[in-house]
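What follows is a short report on a single structure.
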Amino acid sequence: MTEAAAVSGARAGVSRRVWRLVMLAALVHGLAYLVLLPPWMGEDEPWHVEYAGHVGQGHLPWGGEEMRFGDRELMSLSQLQMRRKVEGLEAEEILRTQWALLDSMREHDFWARVDWAAWPGGAQSLDQVVEAHTAAHQPPLYYLLGGALLYVAGATDVEARMWLLRILSLVAYVAVVAATFALAERTCRDPWVAVACALLVAWWPMHARQAGVANNDVLVKVLTSWTLLVAVDLAREGITARRMVKALALCAAALATKTTGAAALAPVALACAWRGGRRATGWSARHRTLLVGATLAVAAAGVALWAGTDNPAVPRTMENVRMRLETAASPEFRWEFARTFVGAFNWYARDLPSSVAGALGAVGALAGLGLCAVLVRGREGVDRRTLAFCIVTVVAQAALVVLRGVAAGRYLMPALPALAVLACAGLLGPLPERRRPLAVALLGGGLLVFDGLVLWAGLVWNQYALWGA
């Protein structure tokens, strides 16, 4: 065995052991958020549990009953939208489910924690929590998967459904950390960089918090993360039919989960046009054209699916696009997006001190400068090709946030693995390899302090101590 092969084998062994430790740590960390986050404290959680619960009772998430004249006098708008979406769903079942949700929310002091919500005692429909809000316009894949889990478990109680869906979120959270580790290994041969990337994703509080939230965001993060990984492999190892089918299947699943999954198409499209790879030369321009056409067909099918469900993320007119762009350009939008990405709790009613966002912004600026140096000058052992795929993914995800016109930090989360790789490449890439373990230790310590602040302020204090729970 040559010396290089011995070093490579030793590194692989260390990487496997480190991977196990990081995954175990991430699982324990996600469990902490799952246990500490009170029922119904995930944004939009009641509506997601409502929708998945109906699917879990054997109803399909399509083929519902259209609204009729006079229905508004009998049912609220959110109830009518649920009946319109879900096949075979009767009014009595919709009402009974929403009453059970509201009773559970009252039991767990939802209105004390979310003090902007009206009707704490007399609410009879979810419209009296957020008017005309529903999950019925969302694509169906998350609810099919979650509904299947609820059906197999035989969950009929709304709280049991919520906890089962939260366990699904925990699994998704760990899967995203695993994808990040694998992506970082493809970016830099130094295992310390992979550790840093995985820790950043696992300990980013608003991402870890989603390990305890029933929400379709958790599934779309898994799908976009692994799509990016497959796209990188397409560019590194060459385009093969198997990889391409896998990439298109992941893209289709992401589009069938949420509109924020559309950014997964960007790295796949880039991989189709990439000229590198050992076997890429075996594919003619005609083959590449067919692959690009298949990607566009998946995108068109996704848009048609969203339009057919009246998804509000899809702009209907150019005037609507213009209004969204103007909204996204405002300072208020940028601040709202930053605070909900860094740390906002109790349905975004409370957030961290602004100094925290300022400190993180300074670290981000330092990472950006370092990343520019790595991209321009290069660094031995750092694959700039993978960094290019990460940049494309982050830009595409940010463009979706702008086009949505809603400043919610979780909409950028599908690109979190790519963002973590870029940040760690900027912070660690310019350093000599012997200095990186210390830098990773400092980064990990900073993440622990940040996460501890969020656990205290966002969960222990704001969710319990502040009002004497």
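The values are calculated or read from the model by the stated rules, or taken from the named source; none is laboratory data. From a predicted model like this one, the values you see are computed outputs, not experimental measurements. All Cβ positions, glycine included, derive from the backbone under ideal geometry; neighbour counts span all protein chains shown. What goes into the accessible areas is simple: the full protein's heavy atoms, side chains included, and nothing from ligands, DNA or RNA. Shrake-Rupley method; radii C 1.70, N 1.55, O 1.52, S 1.80 Å.
Here is a check on your reading of the model: is residue 421 modelled with pLDDT of 95 or more, β-branched (Val, Ile, Thr) and crowded, with 18+ Cβ neighbours inside 10 Å? Criteria met by residue 421. Applying the set (1) open to solvent by less than 20 Å² (accessible area, probe 1.4 Å); (2) in a helix (DSSP H, G or I) to residue 144 leaves exactly one unmet item: (1).
Only a single item in (1) surrounded by fewer than 16 Cβ atoms within 10 Å (Cβ to Cβ); (2) touching a Phe, Trp or Tyr at 6+ places or on another chain (Cβ under 9 Å) is not met by residue 329, and it is number (2).
Within the range 107-121, residues that are at positive phi reach partners that are outside any loop (DSSP other than H, G, I, E, B) with beta carbons closer than 7 Å, at six or more positions or on different chains, in the pairs 119/128. Listed by first and then second residue, the pairs with beta-carbon distance under 7 Å, at least 6 apart or on different chains, first residue in the range 67-79 and at pLDDT 80 or above, second among the polar types (S, T, N, Q), are 76/125; 78/125; 78/134; 79/98; 79/125. The residues of the range 114-172 that are over 23 Å from residue 219 (Cβ atoms) and either touching a Lys or Arg at 6+ places or on another chain (Cβ under 8 Å) or among the aliphatic types (A, V, I, L, M) (or both), listed by number, are 114, 117, 118, 120, 121, 123, 129, 132. Residue 153 passes every criterion in (1) surrounded by fewer than 23 Cβ atoms within 10 Å (Cβ to Cβ); (2) over 30 Å from residue 307 (Cβ atoms); (3) touching a residue at least 12 places away in the same chain (Cβ under 8 Å) apart from (3). Quick one: is residue 146 free of Cβ contacts under 8 Å to residues at least 12 places away in the same chain, of a type outside the set (A, V, I, L, M, F, W, C) and over 18 Å from residue 19 (Cβ atoms)? Spelling it out, it is not the case that residue 146 is free of Cβ contacts under 8 Å to residues at least 12 places away in the same chain, of a type outside the set (A, V, I, L, M, F, W, C) and over 18 Å from residue 19 (Cβ atoms).
Report, by residue number, each residue of the range 40-90 that is outside any loop (DSSP other than H, G, I, E, B), among the aliphatic types (A, V, I, L, M), closer than 21 Å to residue 165 by Cα and open to solvent by 10 Å² or more (accessible area, probe 1.4 Å).
The initial filter retains those residues of the range 40-90 that are outside any loop (DSSP other than H, G, I, E, B), namely 45-56, 63, 71-73, 77-86.
Narrowing the set further to residues that are among the aliphatic types (A, V, I, L, M) leaves 49, 52, 55, 77, 80, 82, 86.
Of the ones still in play, those that are also closer than 21 Å to residue 165 by Cα are 49, 52, 55, 82, 86.
Listed by number, the list holds a single entry, 55.
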